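Let me begin by presenting the structure, written as structure tokens, before commenting on it.
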Amino acid sequence: MSKLNYQEKIPNNVNLSEDLSLQRALENWQPKFQNWWKEMGPDGFQNSEIYLRTATSVDSAGWASYGKIKMPDYRWGIFLAEENKNKKIGFGEYKGKPVWTQVPGDYRSILRRLIVTQGDTEPASVEQQRMLGKTCPSIFDLRNLFQVNVEEGRHLWAMVYLLHAYFGRDGREEAEGLLERHSGDIDNPRILRTFNEPITDWVSFIMFTYFTDRDGKYQLKSLAESGFDPLARTCQFMLTEEAHHMQVGETSISRMVDKTLEIMKKNNSDSESIIRSAGAIDLQTIQKYINFWFSSSLDLFGSEISTNAATAFANGLKGRPDEFKYDNHVEDDTYFEIEDLVNGKIKNKKIPTRNAMNEITRRSYIKDCEIGLKRWNRMIQKNGFEFTFSLPSEKFRRSIGIWSREKFDIYGNIISKEKFEKNISSWIPSESDKDFIKGLMIQVTDPDKTASWISAPMRGINNMDINYNYVDLE
Ligand code: BYC
């Protein structure tokens with residue numbers, strides 16, 4: 001069982017002290033990370049004691065140890081899942097060969113690109129969320145925000161370790177770049193579009209943790225299959241932390257819907273103005289936020305037909321999430337049916353399965369997203385109301401891939417640009433919806449209270465009371 005070495009400057013279970021030049025390189029990057037955290041991480045609260053979970057070993061008993069610490073004292077470290085010396089590559093042309101413990105020369109640049117893209121999202125999300133502490137709906141939620149933030153910081157460390165340890169000088173340069181690009185920066189933005197969207201209100205934050213962190217889950221699951229074993233082991237451990245982020249999303253949306261239903265029941269009405277004047281968020285507006293963040297997150301899977309994805313699969317670098325579920329792990333002569341746009345018409349088409357890997361992953365993701373909607377719809381039904389949440393068509397509002405070439409409504413019908421622009425404010429949050437949401441974002445710091453628009457949590461963190469003072473404000 002790997003134990004983390006907490007005595008070292010950088011906690012790790014990779015025997016960092018035995019590789020002095022790597023250790024020095026990472027110790028050189030560490031103060032740059034700390035500066036970035038100070039400048040681009042959560043605004044304020046850096047001296048507050050926060051009840052946080054820290055990994056102290058990678059086995060199931062020890063990866064979550066809880067206690068109050070200040071965020072800058074969080075022990076960001078490098079943790080890889082256990083090594084299995086007999087592990088074999090599970091898919092693609094090299095299936096059955098031993099996994100690589102070093103970067104295979106031919107695939108250096110594609111691997112580096114995958115790691116940099118993954119790494120870029122982690123600090124991006126912290127930057128996107130940096131102002132949210134000032135409008136937290138409760139102390140419990142404030143603590144969850146910061147837990148997510150410190151863990152995204154750790155995920156950055158995970159990718160930076162791989163760049164430093166396996167990619168030499170260009171890896172070190174890429175690691176610097178991860179701190180230089182910034183979310184929303186006009187000159188030097190983050191790589192993927194969703195990570196440049198502003199997250200200035202908590203409704204967006206909880207949608208992001210439900211929809212965008214779930215993309216993270218699927219991308220990490222694909223990378224956890226990699227034949228490049230250090231990447232696979234890194235991602236396996238990251239997935240344990242990622243689960244909490246999605247749980248924040250799912251339970252927070254449930255709490256928001258619960259509050260709305262409480263107001264609807266009390267007033268026996270589904271009127272937007274009655275719900276809004278009681279300080280809750282009408283279901284139609286929640287649906288608009290779902291439409292926005294779901295459609296934005298779909299782009300993160302890349303194009304439906306992708307030679308990049310085919311190359312990554314063929315060469316054993318990036319698999320499908322839960323590769324074991326498939327019968328054929330080589331897919332060298334199989335086809336997959338997708339929809340395509342031909343002369344402005346939607347037509348079915350068969351493409352080589354390897355080229356459809358992004359689409360296959362996206363479809364698994366969509367199924368997973370539906371689970372929460374079913375739960376929220378059950379809540380609505382149980383309370384006797386008729387509204388049903390649904391995911392918009394995967395063709396709606398896409399910027400990447402086949403569907404980015406035309407405009408579609410939320411049902412997947414091709415529509416004119418004019419019609420799209422005329423209707424868009426009824427599909428995603430309009431300026432006035434955003435203003436309304438902004439008006440609700442009032443900071444609540446009394447541990448016994450929760451903002452008007454969201455119910456109190458059902459249970460506390462790590463069996464603590466829901467009213468526990470999770471953050472000691474300075
Ligand atoms: N925005 O063949 P294509 C997470 C580019 S989230 C902008 O379609 P490919 C997290 C692409 O780079 C998970 N550009 O796509 C969540 C390519 O450019 P080049 C992050 C995009 O390469 C919450 C071109 O379009 N994980 O962890 O098969 C909080 C054509 O590419 C986008 C990863 O990203 C886009 N959305 O796949 C914190 C995993 N999509 O090369 C964290 C690693 C595509 O022609 N990355 N492009 O210049 C990958 O696996 C792949 O890079 C992608 C794209 C899935 C992103």
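The values are calculated or read from the model by the stated rules, or taken from the named source; none is laboratory data. These numbers come from a predicted model, not from an experiment. With ideal geometry, Cβ positions are generated from the backbone for all residues, glycine too; neighbour counts draw on all protein chains shown.
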In the stretch 406-459, how many residues are among the acidic types (Asp, Glu) and more than 19 Å from Glu272 (Cα to Cα)? 6
Can you go through Thr260, Thr212, Thr251, Thr194 and tell me which one is at pLDDT 95 or above, within 11 Å of the ligand (Cβ to nearest atom) and more than 23 Å from Ile78 (Cα to Cα)? Thr212
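Rundown of residues vs (1) out of contact with any helix residue (DSSP H, G or I) (no Cβ under 6 Å at 6 or more places or on another chain); (2) farther than 30 Å from Trp100 by Cα; (3) away from the ligand (no atom under 16 Å from the Cβ), yes/no style:
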{"position": "Ala243", "(1), (2), (3)": "yes, no, no"}
{"position": "Met256", "(1), (2), (3)": "yes, yes, yes"}
{"position": "Met264", "(1), (2), (3)": "yes, yes, yes"}
{"position": "Asn328", "(1), (2), (3)": "yes, no, yes"}
Every residue from the stretch 317-333 that is part of a helix (DSSP H, G or I) and either out of contact with any Ser or Thr (no Cβ under 9 Å at 6 or more places or on another chain) or surrounded by fewer than 16 Cβ atoms within 10 Å (Cβ to Cβ) (or both): Phe324, Lys325
For the stretch 334-378, what are the residues that are in contact with a strand residue (DSSP E or B) (Cβ under 6 Å, 6 or more places away or on another chain) and hydroxyl-bearing (Ser, Thr, Tyr)? Tyr335, Thr353
Going through the stretch 128-145 in order, the residues found to be out of contact with any Pro (no Cβ under 6 Å at 6 or more places or on another chain), in a helix (DSSP H, G or I) and away from the ligand (no atom under 16 Å from the Cβ) are Lys134, Thr135, Asp141, Leu142, Arg143
Select from the stretch 146-155 the residues that are of a type in the set (A, V, I, L, M) and near the ligand (Cβ under 10 Å from one of its atoms) and list them in ascending order. Val148
Look through the stretch 43-68, keep the residues that are closer than 15 Å to Leu80 by Cα and among the polar types (S, T, N, Q), and return whichever of them is modelled with the highest pLDDT. Thr54
Are there any pairs, at least 6 apart or on different chains, whose C-beta atoms fall under 8 Å, with the first in the stretch 370-381 and touching a residue at least 12 places away in the same chain (Cβ under 8 Å) and farther than 16 Å from Gln247 by Cβ and the second of a type outside the set (Ser, Thr, Tyr) and loosely packed, with under 15 Cβ neighbours inside 10 Å, and if so, which? Ile380/Glu386
Quick one: is Asp282 under 30 Å from Val203 (Cβ atoms), surrounded by 15 or more Cβ atoms within 10 Å (Cβ to Cβ), among the acidic types (Asp, Glu) and in contact (Cβ under 8 Å) with a residue 60 or more places away in the chain? no
(1) near the ligand (Cβ under 10 Å from one of its atoms); (2) closer than 24 Å to Ile371 by Cα: which one isn't true of Phe205, the others all being true? (1)
Check Ser109, Ser65, Ser125 and return the single one that is surrounded by fewer than 14 Cβ atoms within 10 Å (Cβ to Cβ) and within 14 Å of the ligand (Cβ to nearest atom). Ser109
Among the residues of the stretch 308-317, is there at least one that is free of Cβ contacts under 8 Å to residues at least 60 places away in the same chain, more than 16 Å from the ligand (Cβ to nearest atom) and not β-branched (Val, Ile, Thr)? no
Go through the stretch 334-378 and give me each residue that's at pLDDT 95 or above, over 30 Å from Ile454 (Cα atoms) and among the polar types (S, T, N, Q). Thr334, Asn348, Thr353, Asn355, Asn358, Thr361
Tell me which residues, restricted to the stretch 334-363, are closer than 17 Å to Ala309 by Cβ, away from the ligand (no atom under 16 Å from the Cβ) and not in a strand (DSSP E or B). Thr334
Any chance you could count how many residues in the stretch 439-461 are under 25 Å from the mean Cα position of the chain (by Cα) and surrounded by fewer than 12 Cβ atoms within 10 Å (Cβ to Cβ)? 2
When you go through Lys68, Lys38 one by one, which is the residue that is out of contact with any Gly (no Cβ under 7 Å at 6 or more places or on another chain), touching a residue at least 12 places away in the same chain (Cβ under 8 Å), part of a helix (DSSP H, G or I) and of a type outside the set (Gly, Ala, Ser)? Lys38
Quick one: which residue in Phe396, Phe385, Phe420, Phe408 is more than 16 Å from the ligand (Cβ to nearest atom), buried (at least 18 other Cβ atoms within 10 Å of the Cβ), farther than 30 Å from Lys68 by Cβ and at pLDDT 95 or above? Phe408
